[in-house]
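One structure, as structure tokens, below. Some questions next.
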Amino acid sequence: MKKILIIEDDENIANAEKLILEGDYEVHVANEGDTGFEIAKKINPDLIILDLMLPNRGGYDVCYNIRQEENLKSTKILMVTALNQQVDKSKGVMVGTDAYLTKPFEAEDLLSNVSKLLNGQ
Amino acid sequence: MADVTTIFTPDALHKFFFFLSTPDGAFFKSAVEFIIFLLLSYMVISEFLQTVDNDRKKELKYFMIAFVSLLINSLLQVIIYAGVLFTDFDIIDLNSFWPVVDRILSLITLVLLVNAFIYPVFRKKIFRFEFDLKLQVLIILIGGIVVEISWILQDNISDFLDFWGDYFFVLLEFLIIAYALYELLLHSKRLRYRGNIFLAFWIYMLVPLLHFFNIILFDNDSIRLRLLEQPFPVIAILLLTQVTYLKLVDKAYLREKLSETEEKYKVEKKLSDMKDEFVSVVSHELRTPLTSVKLYLSLLENGKFGELNEKQKEALNIIESESDRLSRLISDILSLSKLESGKEGLRLDVFDMNVLKNPLYYAAAEEKDISVSFYMPPRFAVRADKAMITQVFVNLISNAIKFTESGGSVTVSCEDLGREWSLSVADTGKGIAKKEMSKLFDKFYQVEEHMTRTKGGTGLGLSIVKKIIDMHNGRINVDSEIGKGSRFTVYIPKDLNREVKI
């Protein structure tokens with residue numbers, strides 16, 4: 001089973017995402033940027049679902065750091081944000097995001113984006 | 001105690017005018033004039049030295065020259081009259097050339113004054129202005145030379161000067177002032193304080209006029225007329241002084257107004273930025289809990305937390321459609337706020353309107369069994385903000401679908417109308433009453449019908465459409481009949497460059 005790491009500070013959303021995905025994937029959760037980064041280094045996930053507005057370290061920074069790691073270079077990153085201005089999207093692309101999801105999203109959107117990133121190409 | 005009224009009897013005035021024409025009076029008058037011009041020259045010169053603006057520097061340069069020449073003229077007069085009063089200098093010695101020199105100086109000064117005050121009119125047409133100045137000076141010089149030569153050929157100079165010389169110079173003065181008034185009449189709108197300048201030159205005009213009458217009617221012998229013309233040059237100069245002062249003061253006033261405006265702008269900008277940040281933060285804060293709502297709804301509906309009975313499923317459907325509506329409302333408010341803040345400029349691009357034929361934009365039509373047809377050329381390229389025009393289309397067509405019964409139809413057409421192009425969305429729905437028309441594009445206005453509210457409208461769709469159309473400098477037209485249907489037509493000008501409002 002493919003591994004997914006969710007880095008999301010809102011517990012409810014993190015929990016909901018886990019429940020939606022745990023049927024088909026192995027799901028790990030972190031509530032904070034730095035913790036998430038550590039876990040990522042340890043378990044080497046196939047996909048990271050990253051929330052933009054994280055406490056302490058912003059989503060962009062975490063994304064950037066993850067991309068700097070050697071063995072995380074092939075990990076897919078799906079960024080989740082409530083802000084959907086053009087500026088944020090291009091910034092996301094610059095730090096190495098693979099896809100974007102805007103809040104609020106449907107469970108179906110989450111599933112289809114995840115499967116596209118992990119299985120499609 | 002003398003009665004106040006006796007001081008200003010005609011007799012006293014007469015005596016004063018007479019005094020002015022004597023050497024003492026002349027000295028007094030020239031001394032007063034000298035002091036006025038000294039102050040004025042000081043004001044203008046210091047202003048000129050302080051100014052950085054090149055245009056204004058030019059304008060002030062002419063003022064400066066005019067007033068300095070007046071200054072020199074009056075200084076010479078003061079010296080001469082002082083000489084006559086306090087030394088043995090005999091004015092008869094001067095009689096041979098002084099009147100000519102004096103007249104020439106006066107004329108040059110007059111020309112300079114006229115040009116200084118009319119300068120703002122000619123500012124853009126520098127060639128014409130310089131040409132006129134040179135022409136005028138040339139006329140004076142020729143006139144002066146003619147007089148000089150005639151003087152050389154005459155024996156009795158005072159006879160000549162008394163009549164023909166005077167006559168000639170008076171004519172020149174008259175012509176110069178008439179020219180000034182003519183230019184003022186033609187271009188008065190471009191001059192500030194034109195009333196005052198007009199008045200000054202009219203008053204100045206009186207001097208050669210009176211002199212004229214004197215020469216024509218009384219052979220230049222009327223003392224009365226000669227006395228009468230004494231104060232007018234001074235009055236005219238005073239008026240022109242007032243104008244100069246006003247113009248100089250203007251700068252201080254304008255500077256103050258400018259800094260006031262800058263302050264106001266800073267405050268406004270700050271408020272606007274705060275509002276934008278607020279809306280942005282709020283919409284983010286609203287979207288986060290909404291995400292949880294949707295995700296858990298989904299989990300519930302998919303039986304993740306157990307089987308659901310019919311009633312529970314119904315309840316969840318209602319929760320889902322209401323939270324969808326909430327989501328759309330937040331998006332619309334954010335959109336409208338961004339559009340209204342004016343910060344979002346148009347992203348102009350050339351695109352084909354045929355991209356609107358994407359069924360994703362009108363998915364609801366299929367559910368309601370409404371047919372959607374398109375009438376536009378296979379290639380219809382337009383220049384506009386693609387995202388915004390798409391939004392306009394989506395809003396119009398979802399309205400059309402919303403207000404049309406099952407089995408109805410919606411027609412979308414695009415037309416090239418020469419200087420503008422149009423997008424039209426027509427439906428066979430219930431139509432819009434006349435009384436609703438004026439409020440159609442108001443924020444949150446929804447036609448008062450129970451049905452439409454539960455259909456999930458936000459009331460902002462048409463406000464957003466109107467705002468986008470305004471930004472493109474276009475217009476929108478609504479045709480509707482109750483029971484028959486409605487047609488919304490949007491017109492966008494093709495030439496957006498000059499007219500686009502940002």
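Given a Förster distance of 41 angstrom, what is the FRET efficiency for B:Ala433 paired with B:Val282, based on the Cβ-Cβ distance and rounded to 0.05?
Plugging the Cβ-Cβ distance into 1/(1 + (r/R0)^6) gives 0.70.
Next question, about the same structure. Could you give the length gained by full extension between B:Ile482 and B:Asp324, i.e. 0.36 nm per residue of separation minus their alpha carbon distance, to one decimal place?
53.9 nm
Going by Cα centres, the stretch B:387-440 and the stretch B:26-49 are how many Å apart?
Measuring centre to centre over Cα atoms gives 74 Å.
For peptide A:6-13, how many partner chain Cβ atoms fall within 10 Å of a residue's Cβ, on average?
3
Can you pull out the GluC sites (Glu not before Pro) in the stretch B:284-387 that DSSP calls coil and that have at most 13 other Cβ atoms within 10 Å?
Passing sites in the stretch B:284-387 are B:Glu307.
With r as the distance between the Cβ atoms of B:Tyr245 and A:Lys2 and R0 = 60 Å, compute the FRET efficiency 1/(1 + (r/R0)^6) and round to 0.05.
0.10
Would you please give the FRET efficiency between B:Ile142 and B:Ile216, computed as 1/(1 + (r/R0)^6) with r the Cβ-Cβ distance and R0 = 25 Å, to the nearest 0.05?
0.55
Considering every residue in A:101-112, what mean count of other chain Cβ atoms within 10 Å of its Cβ is obtained?
Mean number of neighbouring Cβ atoms from other chains: 5.
Determine the gain in length on full extension of the stretch B:Glu405-B:Asp495; use 0.36 nm per residue of separation and subtract their C-alpha separation, reporting nm with one decimal.
28.5 nm
Sticking with this one: Counting only other chains, what is the mean number of Cβ atoms within 10 angstrom of the Cβ of each residue in peptide B:280-290?
4
Further, regarding this structure: Highest first, please rank the peptides B:460-473, B:347-360 by the mean number of other Cβ atoms sitting within 10 Å of their residues.
For the peptides B:460-473, B:347-360, the packing ranking is B:460-473, B:347-360.
Starting from the Cα of B:Asp352, step 7 Å along the direction of its Cβ; do the same at B:Arg379; then give the gap between the two resulting points in nm.
Output for this residue pair reads 0.8 nm.
Among the trypsin sites (Lys or Arg not before Pro) in the stretch B:379-412, which ones are in a DSSP loop with at most 15 other Cβ atoms within 10 Å of the Cβ? Mind listing them?
B:Arg379
Going down the table (A:Lys18/A:Lys76; A:Lys73/B:Lys357; A:Lys76/B:Lys270; B:Lys29/B:Lys57), which pairs top 29 Å between alpha carbons?
Over 29 Å apart, Cα to Cα: A:Lys73/B:Lys357; A:Lys76/B:Lys270; B:Lys29/B:Lys57.
Compute the Cα gyration tensor for chain A, then decide on rounded, prolate or oblate, letting a ≥ b ≥ c be the square roots of its eigenvalues: rounded whenever a/c is under 1.5, prolate when a/b is larger than b/c in the other cases, and oblate in all that remain.
Rounded.
Here is a follow-up. So between B:Ser272 and B:Gln312, what do we pick up on full extension, going 0.36 nm a residue minus the alpha carbon distance?
9.8 nm
Can you tell me which of A:Lys103, A:Lys41, A:Lys18 moves the most in a GNM of chain A? Springs connect C-alpha atoms under 10 Å apart.
Comparing A:Lys103, A:Lys41, A:Lys18 in the GNM, the peak value goes to A:Lys103.
Further question: Of all chymotrypsin sites (Phe, Trp or Tyr not before Pro) in the stretch B:252-349, which ones are in loop regions per DSSP and have a Cβ with at most 11 other Cβ atoms within 10 Å?
Loop-located and lightly packed - B:Phe305.
Can you tell me the alpha carbon radius of gyration of the stretch B:290-360 divided by the globular rule-of-thumb value 2.2 N^0.38 Å?
1.69
Computed from the coordinates by the stated procedures, all read-outs in this text should not be read as laboratory data. Quick caveat: nothing in here was measured; it's all calculated off a predicted structure. Don't worry about glycine lacking a Cβ; one is built from the backbone with ideal geometry, like all the others, and counts go over all protein chains shown.
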